[in-house]
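The values are calculated or read from the model by the stated rules, or taken from the named source; none is laboratory data. Here the structure is a predicted model, which means the values were calculated and not measured. Methodologically, a virtual Cβ is constructed for each residue, glycine included, from the backbone with ideal geometry; neighbour enumeration extends over all protein chains shown.
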Amino acid sequence: MKIVIIGGDAAGMSAAAKAKRVDKDAQVVVYEKTDIVSFGACGLPYFVGDFFDDPNNMVARTAERTRESGIDINLLHEAVQVDVPNKLLTLKNLTTGEERVDSYDKLMIATGATPIIPPIQNVELKNVFTLKSIYDGIDLKQAALLQRNKEVVIIGAGFIGLELVEAMLKLGKKVRLIQLDSRILPEAFDQEITDIMEKELTDQGVQLQLVEKVLAFQGKTTVTDVVTDKGTYKADIVILATGIRPSTAFLGDTGMNLLRNGAIVINEFGETNLKDVYAAGDCATVYHLIREENVYIPLATTANKLGRIVGENLVGQKTSFQGTLGSAAVKVMDLEAGKTGLSEGEAQKMGLNFKTVFINDQNQTGYYPGQADIAVKLIYEAETQVLLGGQVIGKKGAVLRVDVLAAAIFKKMTTQELGMLDLCYSPPFSKAWDVLNVAGNNAG
């Protein structure tokens, strides 16, 4: 059997490695558009912020080591067309420009996503950056380490935008964060949580500008100013953190089912609607356990898990993905925040009969050093009190509590059960009644 995988990052390489381990006789071929495989882009903001020096720390496994395991890695090859009826794939060698055709018995698409570039005038000026590839990170870091580049404008207050704020402040930059929406992270967190985040940003000296649209960049060859619908601001560096789009344009004439944004719709086995064609990662949907529908939530954790499952299924197994809760976390300066399951906004859109509870407490006892504020929000069914979602923000220990909520939601626990859940207690780590217990017990 010949398995061809397009894309050599988290989902693709997880699938390739698993398929080869399960069936050592399978021919596994990977085509990757860049010259690196198994690259973890999640570390890019911290590399740029000089939290570590070597970009290769973000590469989990080199192409050379992967080849040693019997996987055929082809770097700098871009898929340009898929002939599904004849099981043929047209590939372009990005070094020579030549095209060739390869065949497959089973195909996996793991092409990831590319940054969304808003329609901003003069976006091609120097020192205007996106952050997706290892080379994006190297270029941005080189510019950020130059002392003459003092003013940084970040456009977009999502996860990457917020992580870049910390990176730039660590490098001593003056940071302006511009967001089109009325608050930061509007799709991930509810307003009680983002209000705390926004206060932390402004307390740390960030110029946070909401409900503001960027229109143009100014400068002869290098950006000097950012023009919005509310003003003009000096900028030595501009970073576009305005989201990503699935890299699936080459599939346009295949008849593959796609979401409006281009994400490939897959089932619990990673299968597309086309025979013997699978997909996973940032180019594909995932099934949401609570929403009970396919959604686009590009996360490295899900990419690795689905990649592993697809790898098994490519060699004849029938392993299913149990679904996602969209669990995610972010560090906002001295605070950390996480979420899992539904937000209040999502529950409203679904028309659910639900309630919420929001609790302010402390993370641990006051007589041991390190006590800090912590806040928890729960979303739960009004009649049954079954947990639907949760969000936590605070300092030490906030995000790990979200992992407890993820397990509780997955097992359909009620707020009463959470209130009496046997959680660890010791003065350096919590109070006798942990904030999760308190939140559960306060749910009415």
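For THR95, work out the one condition from (1) surrounded by 13 or more Cβ atoms within 10 Å (Cβ to Cβ); (2) of a type in the set (S, T, N, Q); (3) more than 25 Å from LEU162 (Cβ to Cβ) it doesn't fulfil.
(1)
Between a residue in region 110-131 that is in contact (Cβ under 8 Å) with a residue 60 or more places away in the chain and any residue that is among the aromatic types (Phe, Trp, Tyr) and crowded, with 19+ Cβ neighbours inside 10 Å, which pairs come within a Cβ distance under 6 Å, given they are 6 or more apart or on different chains?
ASN122/PHE217; LEU125/PHE217
If GLY8 passes every condition in (1) within 30 Å of LEU162 (Cα to Cα); (2) without any contact (Cβ under 8 Å) to a residue 60 or more places away in the chain; (3) in contact with an Asp or Glu (Cβ under 7 Å, 6 or more places away or on another chain) but one, which one does it miss?
Only one criterion in (1) within 30 Å of LEU162 (Cα to Cα); (2) without any contact (Cβ under 8 Å) to a residue 60 or more places away in the chain; (3) in contact with an Asp or Glu (Cβ under 7 Å, 6 or more places away or on another chain) is unmet by GLY8, namely (2).
List the strands (runs of 3 or more DSSP E) that sit entirely inside region 81-158 and contain at least 1 residues that are under 20 Å from the mean Cα position of the chain (by Cα).
Result: 106-109, 113-115, 151-155.
Could you please find all residues in region 372-401 being surrounded by 24 or more Cβ atoms within 10 Å (Cβ to Cβ) and among the β-branched types (Val, Ile, Thr)?
Passing the criteria: ILE374, VAL376, ILE379, VAL392, ILE393.
Would you mind finding the one in VAL22, VAL48 that is under 22 Å from the mean Cα position of the chain (by Cα) and in contact (Cβ under 8 Å) with a residue 60 or more places away in the chain?
VAL48
So is ASP181 loosely packed, with under 14 Cβ neighbours inside 10 Å, of a type in the set (Asp, Glu) and either over 30 Å from GLY8 (Cα atoms) or touching a helix residue (DSSP H, G or I) at 6+ places or on another chain (Cβ under 7 Å) (or both) or not?
No; evaluated as a whole, the condition is false for this residue.
When the residues of region 279-299 are narrowed to those that are within 23 Å of ALA249 (Cβ to Cβ) and of a type in the set (A, V, I, L, M, F, W, C), which ends up nearest to the chain's Cα centre (by Cα)?
LEU299
ALA337 passes all but one of (1) in a loop (DSSP other than H, G, I, E, B); (2) under 19 Å from the mean Cα position of the chain (by Cα); which number fails?
(1)
Name, by its number, the condition in (1) closer than 17 Å to ASN294 by Cα; (2) in a loop (DSSP other than H, G, I, E, B) that does not hold for ARG245.
(2)
Identify the residue in region 281-296 that is of a type in the set (A, V, I, L, M, F, W, C) and buried (at least 18 other Cβ atoms within 10 Å of the Cβ) and, among all such residues, is farthest from ALA15 (Cα to Cα).
For region 281-296, the residue satisfying everything is ILE290.
Take the residues of region 264-278 that are surrounded by 24 or more Cβ atoms within 10 Å (Cβ to Cβ) and more than 18 Å from the chain's Cα centre (by Cα): which is nearest to GLY345 (Cα to Cα)?
ILE266
In the set ASP282, ASP225, ASP229, which member is charged (D, E, K, R), outside the structural domain of THR90 (by TED's automatic domain parsing) and closer than 22 Å to ASP136 by Cα?
None of the others qualify; the one that does is ASP225.
So which of THR365, THR384, THR356, THR324 is touching a His at 6+ places or on another chain (Cβ under 7 Å) and not assigned by TED's automatic domain parsing to the domain that holds GLY7?
THR324 is the lone residue from the list that is touching a His at 6+ places or on another chain (Cβ under 7 Å) and not assigned by TED's automatic domain parsing to the domain that holds GLY7.
Within region 61-71, work out how many residues are surrounded by 15 or more Cβ atoms within 10 Å (Cβ to Cβ) and either without any contact (Cβ under 8 Å) to a residue 40 or more places away in the chain or not in a loop (DSSP other than H, G, I, E, B) (or both).
Total satisfying the criteria: 2.
Please go through region 38-60 and pick out each residue that is part of a loop (DSSP other than H, G, I, E, B), closer than 25 Å to MET108 by Cβ and touching an Asp or Glu at 6+ places or on another chain (Cβ under 7 Å).
Within region 38-60, just SER38 meets the criteria.
Looking only at region 402-422, count how many residues are more than 29 Å from the chain's Cα centre (by Cα) and surrounded by 14 or more Cβ atoms within 10 Å (Cβ to Cβ).
Total meeting the criteria: 3.
Which residue, of ASN127, ASN122, is surrounded by 19 or more Cβ atoms within 10 Å (Cβ to Cβ), more than 30 Å from LYS20 (Cβ to Cβ) and either modelled with pLDDT of 95 or more or not aliphatic (A, V, I, L, M) (or both)?
So the residue among ASN127, ASN122 that is surrounded by 19 or more Cβ atoms within 10 Å (Cβ to Cβ), more than 30 Å from LYS20 (Cβ to Cβ) and either modelled with pLDDT of 95 or more or not aliphatic (A, V, I, L, M) (or both) is ASN127.
Restricting to region 228-253, count the residues that are surrounded by fewer than 17 Cβ atoms within 10 Å (Cβ to Cβ) and in contact with a Phe, Trp or Tyr (Cβ under 9 Å, 6 or more places away or on another chain).
0
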